[in-house]
Amino acid sequence: MEPIPLPSPIHYELLLQLLERQTLYAVNQNPSAREQVQQLIVTLRKAQSQQKQLESRCQRENMPVEHRWSLNEVAAAKTPGNSAPAE
């Protein structure tokens, strides 16, 4: 069975840190923009939680999961004549 491709958890962490540390600070004086950023943070946290739930389910059902860092690496690995391993 082919592994199920999922984003690497670091992607969520990077986005959340950027939004929480820099974006919120930048929109501090704009209440409506600040609210939108806060909603985005909540949405990303929900997505991260749902991915963890999916990973747990896959583990229980013995389905392999593969965390990917990029779409480009996978495309390059599937190119004929390219011996680079897929992540």
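The values are calculated or read from the model by the stated rules, or taken from the named source; none is laboratory data. Since the structure is predicted, the reported quantities are computational estimates derived from the model, not experimental observations. Cβ sites come from the backbone with ideal geometry, for glycine too, and all protein chains shown count toward neighbours. With ligands, DNA and RNA removed, areas are computed over all heavy atoms of the protein, side chains included. Shrake-Rupley method; radii C 1.70, N 1.55, O 1.52, S 1.80 Å.
When the surface is traced with a 1.4 Å probe over the full set of protein chains, Ser70 keeps roughly 40 Å² accessible.
I want the local charge near Leu14. Using Cβ-Cβ distances under 14 Å, sum +1 for each Lys or Arg and -1 for each Asp or Glu among the other residues. Spell out each step's value before the answer.
Working: positive: Arg21, Arg45; negative: Glu13, Glu20.
That works out to 0.
Accessible area of Ile10 (1.4 Å probe, protein heavy atoms only, ligands and nucleic acids ignored): about 80 Å².
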